[in-house]
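Structure first, commentary second.
The values are calculated or read from the model by the stated rules, or taken from the named source; none is laboratory data. Quantities reported herein were computed from a predicted structural model and do not represent experimental measurements. For neighbour counting, all protein chains shown are included, and Cβ atoms are generated from backbone atoms with ideal geometry for every residue, glycine included.
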Amino acid sequence: MDIKLIAARKSLEFPVDGLRLTAISTPDTLDAIRNLVRFQWVQIAQPMETFGLVAPVIPPGVVFNSGSWTDPTHGSVFVRFLHIEQTRIVMDIAGPSEVLIGLGEAVVKTIRDVARVFDEGPALTDPETELHYSEMTIQLPAPLSMILPLPLRQLWSQSIPDEANQLLSTTLYMDRHMPDTPYGGDRLASPIKSQGYRLSLRKGINPAAHVYFSGAPLNTDAHRAYLMKVHEIVQQHMHP
């Protein structure tokens, strides 16, 4: 079984006014975070949507891109981005989720040490919760469509003209929704959003290789266990 790790992402979720964005947006704090993670790029700008809507506030947020963090166990790890919103700090690395523990602690400590506010409150309180997301690829023993009922596969296959020499690809997307709230549409067009379970053919690889991209709201250990189960299910459907 071939499973490759692409990235791990984590969000620290703070209460309103638990993250003092104005204080964090000052040059001293920005420089301290940039130097801590050796970021190549920093900008006061509205971060992209990952773990939820980004509030339109002033300042709009802070965006750090392309840095490097040294983890005691894993060594130097590439940090794809670190975004600070009104109530959220999002970290994304090309490494396992456990690296995000030390990185998050270092970022929080740096903010608390450097950022200053003009009242008695802290620049950063403790987060209310943490959210996870990760991206991997897996090579399955057969197409993902094997998990679909045979009559459905046959029906869809019949929709392709014989002379077209094409095949149908299967994308699996699952997300959680409140049963009494109108459906807002899926997020397949924007995989950067860190919600839902997605399995789709890996871009740039021949479909015959059965390599799939997987994005899931899980840390990397839980994500690997989930993909191993997917592999097992596909294998079982090959030999009912």
Somewhere in the range 29-38, is a residue assigned by TED's automatic domain parsing to the domain that holds ASP113, touching a strand residue (DSSP E or B) at 6+ places or on another chain (Cβ under 7 Å) and among the acidic types (Asp, Glu)? no
Exception for GLY75 within (1) out of contact with any Lys or Arg (no Cβ under 8 Å at 6 or more places or on another chain); (2) surrounded by 13 or more Cβ atoms within 10 Å (Cβ to Cβ) falls at (2)
**Study point:** Residue in the range 47-65 that is in contact (Cβ under 8 Å) with a residue 60 or more places away in the chain, part of a helix (DSSP H, G or I) and under 23 Å from HIS132 (Cα atoms) present
**Key:** no
Restricted to the range 184-229 and to residues being modelled with pLDDT under 95 and of a type in the set (Val, Ile, Thr), the residue nearest to ILE147 (Cα to Cα) is ILE205
Subset of the range 1-34, residues in a strand (DSSP E or B), modelled with pLDDT of 95 or more and under 21 Å from the mean Cα position of the chain (by Cα), comes to ILE3, LYS4, LEU5, ILE6, ALA7, ALA8, ARG9, LYS10, SER11, LEU12, GLU13
Among residues of the range 47-66 being at pLDDT 95 or above and buried (at least 17 other Cβ atoms within 10 Å of the Cβ), the residue nearest to the chain's Cα centre (by Cα) is PRO47
Item to complete: Inspect all residues belonging to the range 41-64 and state whether any of them is small (Gly, Ala, Ser), over 26 Å from GLN195 (Cα atoms) and not assigned by TED's automatic domain parsing to the domain that holds PRO217.
Response: no
Only one of (1) closer than 30 Å to ILE205 by Cα; (2) of a type in the set (A, V, I, L, M); (3) in contact (Cβ under 8 Å) with a residue 60 or more places away in the chain; (4) buried (at least 22 other Cβ atoms within 10 Å of the Cβ) does not apply to ILE84, and that is (1)
Report task. Considering every residue within the range 126-135, establish whether at least one is surrounded by 10 or more Cβ atoms within 10 Å (Cβ to Cβ) and either small (Gly, Ala, Ser) or at positive phi (or both). Result -> yes
Is one or more of the residues making up the range 103-111 surrounded by fewer than 14 Cβ atoms within 10 Å (Cβ to Cβ) and free of Cβ contacts under 8 Å to residues at least 40 places away in the same chain?
yes
